[in-house]
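What follows is a single structure, written as structure tokens, with notes after it.
The values are calculated or read from the model by the stated rules, or taken from the named source; none is laboratory data. Only a predicted model underlies this, so the values are computations on that prediction, with no experimental measurement involved. Note that each Cβ is placed from the backbone with ideal geometry, even for glycine, and that neighbours are counted across all protein chains shown.
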Amino acid sequence: MTDVLATANIVAALLAAAYALVTALRDRPMGVGHLVALGVLEVLLAAQVVVGFVKLNGGGGPDDTATFVGYLIATLLIPPAGAGWGLLERSRWGPAVIVVACLATAVMTVRLDQLWAGTVG
Amino acid sequence: MADRIGAGAPAATGGGPGRLLVAVYAVFALAAGARAGVQIATRFGDAPVAYALSALAAAVYVVATVALARGGRTSLRVAVAACAVELAGVLVVGSLSLVDAAAFPDETVWSAYGRGYGFVPLVLPAVGLLWLRRTARARGPGTGGGRPAGGG
């Protein structure tokens, strides 16, 4: 894990969550802006997956490789799933789904960083 | 407010605020499922009870997610049952994990009432049951599903 990339991921996820939260509080459905935000987040997450695998291959990484890889791949699934589920709802609850998806990726990125550093089991 | 739509749609378990509930359930189904899969695949012998419970929790979350998302008469009952099992599970396993820590050498989603997951596993089934009761009432007693009996 690179701290810079992990931090960028967390910041992007939180910004996207805040944007979607404002939309939900204003009682508007989600729009193209949310999809762009989720797209940017997905690209950053994909970069994290690539870097993660390269570093694992280089011999680094946590003892619990399986859990780390599980989290790594699961993070990739969340933004598209959130976008799909949110798009089905043309009300404030669409962006609310995006808030949940973005917060989940932020939490999972924090967990990834902890697993890599070995601070949790 | 030109683009405000859909607020008056009839109550469905997977629509409106329910969509948020399903999203949170889906995240937990993924988290619990991935965790259980890794635990069982890599070190089942270490703590078979805890890991079997992780798998059970994951299965219940998946069932609840699908049932809430689908809506409909049968799904409503399945969703009530899943939420009730979840609530019972988090209370029983949460209590046992505090009383008899030796039986749970590794964490499950439900350990210590879901402390490792911000107590969301404790709140989620309660919110789910309340939401199911609300949608069932909104549908009216004559139209579909009836009231979910009991409700945990």
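Check whether at least one residue in segment B:76-92 is surrounded by 14 or more Cβ atoms within 10 Å (Cβ to Cβ), acidic (Asp, Glu), more than 25 Å from residue A:97 (Cα to Cα) and in contact (Cβ under 8 Å) with a residue 12 or more places away in the chain, and report yes or no. Checked segment B:76-92: no residue is surrounded by 14 or more Cβ atoms within 10 Å (Cβ to Cβ), acidic (Asp, Glu), more than 25 Å from residue A:97 (Cα to Cα) and in contact (Cβ under 8 Å) with a residue 12 or more places away in the chain.
Checked against the criterion of being within 11 Å of chain B (Cβ to nearest Cβ) and either in contact with a Gly (Cβ under 8 Å, 6 or more places away or on another chain) or on the phi > 0 side of the Ramachandran plot (or both), the candidates A:116, A:93, A:85 yield just one match: A:93. Of all the numbered requirements in (1) among the small types (Gly, Ala, Ser); (2) surrounded by fewer than 22 Cβ atoms within 10 Å (Cβ to Cβ); (3) under 10 Å from the mean Cα position of the chain (by Cα), residue A:117 misses one, and that requirement is (3).
The requirement of being buried (at least 16 other Cβ atoms within 10 Å of the Cβ), part of a helix (DSSP H, G or I) and more than 14 Å from chain A (Cβ to nearest Cβ) is fulfilled somewhere in segment B:101-112, by at least one residue. Answer yes if at least one residue in segment B:49-61 is of a type in the set (A, V, I, L, M) and outside any helix (DSSP H, G or I), and no otherwise. No. For segment B:1-43, residues that are away from chain A (no Cβ under 11 Å) and at pLDDT below 85 total 2.
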